[in-house]
Structure formats: C-alpha cells, structure tokens
Amino acid sequence: MKLVVVSAGLSSPSSTRLLADRLAAATLRHADAETEVIELRDLATEIAQHLVTGFPPARLAAALDAVAAADGLIAVTPVFAASYSGLFKSFFDLIDKDALTGKPVLVGATGGTARHSLVTEHALRPLFTHLRALVVPTGVYAASEDWGEDGLAGRIARAGAELARFLEPARRDAVPDVDTAAAIAPRSLTGAITSVPATAGFEVVPFEQRLAALRAE
C-alpha cells in the first residue's frame, strides 16, 4: 500500500510538517504501507507555473501522480485567514477531478490559537468532500499550546487508527459495516443518516408510503 503525506508548511522545520509526520506514524502503527512525503513549499514555483501555463513541471507532475496513485492521503495545512493556505488550495486545484474519488483522506491543520480549531470541519472537510474523497471522521487541529498535551496525542492516535482501518484492502473493498456506514454516510441537519448501503440492515421505506401513513392518521 502507498500512503502519501502532503504538508503545506512554509518554514523548515514547521509545526505543519511535525503534525503530518506524527499522523503518518500513528497510521503506520496499524497499517503496513510505503510512505511518501510531499512538501508543497518546495513546489511553490512549479505550482504557480502550472496555474499560469497549464503544464506541470516534472517535479510537480510526479507529486500529482503520487497523490492520484496513493491508497490513502494525509493532508496538513497551516491556517491563514481562518482557512487553508493558498499554497495548499492551489496544489489541490491542480489535482484531476476524479483522482481522489473514494480515496481515504486524513485532514490536519496547525495554527497559533485554538480559535481556529474548527478549520478541519468548515474548510478542509468540505474541500475533500467536493473532490469525492472519503474523509476519515477525526480531523486533527494543533494550536501552539497543544503540543505536548495528551489531548493532541490522543486525537492523533485516533485519527491514524481510523485512516489505517480504511487502508485495509479487504475492509475498504467490502460493504461497510453499520458503524462505518454511520461514520461516512451523508447526514441530515438533525444528524440522521440519510444514505446507507441496503445490506447494512436498515429498512428503506419509500417516501410515498410514509406520506400515505401520515395522511391516514
């Protein structure tokens, strides 16, 4: 299996790369996979060239191919203006629209304050959902004060285990069990599951039948 880690940190060393490495290590504790790390900082010029010319330089083309061929993806960005960085978004703008379909993705972000802790939910998860990726339930945000805290270590461990679970070929190719279906199925505004596999044991009642029952009351 191939696990690709995309880090959008701008400094060296960076907390973004540190979080990416720890998420990868947590995943590899539960899955046997080859890992490739892509530092977007090193590809910034090539990304800009591709956006302008429409043709990726060799290093960028190799990175895009690696993401498309991966069995799973870890994507981590620093927070800028309460969202992902422009470099991070520009890279994923260049990914083929079908490259991430059904691919397990673990999202992470770093920032200077806990005020941005929901960035994984209001920015990163919608981005990868739009790309039709399978985003694991736990996203990890690390503020400056989180490093060294048990809470961050626990979130990293949980997220890594979740990604490893989806990386298992036998499990990923099988019909999701009830717990997995509940984690990944679309939900209504009230949190109710709105779509699960027919084999998951849920009885599907046609809307017309429900409407007729209401009228009869």
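The values are calculated or read from the model by the stated rules, or taken from the named source; none is laboratory data. The structure displayed is predicted, hence computed values, not measured ones. Quick reminder, even Gly has a Cβ in these numbers, built from the backbone with ideal geometry, and neighbours come from all protein chains shown. When the accessible area is computed, the model is the full protein with side chains, heavy atoms only, and any ligands, DNA or RNA have been set aside. Shrake-Rupley method; radii C 1.70, N 1.55, O 1.52, S 1.80 Å.
Worth pointing out:
- Annotation for ARG210 and LEU10: the two label points, set 7 Å from Cα along the Cα-Cβ direction, are 4.7 nm apart.
- Among the protein heavy atoms of the range 129-170, carbon and sulfur supply 54% of the accessible surface, probe 1.4 Å, non-protein parts ignored.
- Distance between modelled label sites at ASP32 and HIS122, nm, 7 Å Cα→Cβ extension: 4.4 nm
- Prolate/oblate/rounded label for the range 23-127 (Cα gyration tensor, a/c 1.5): oblate
- Share of carbon and sulfur in the accessible heavy-atom surface of the range 16-73 [1.4 Å probe, %]: 53 percent
- Of the peptides 53-59, 29-35, 109-115, 4-10, the ranking by mean beta-carbon count within 10 Å, highest at the top, reads 4-10, 109-115, 29-35, 53-59.
- Solvent-accessible surface of the range 1-153, taken per residue with a 1.4 Å probe and all protein chains present: 45 Å².
- In the assembled protein chains, ASP42 presents an accessible area of approximately 80 Å² (probe radius 1.4 Å).
- Only protein heavy atoms count here; on that basis, with a 1.4 Å probe, SER90 has an accessible area of about 30 Å².
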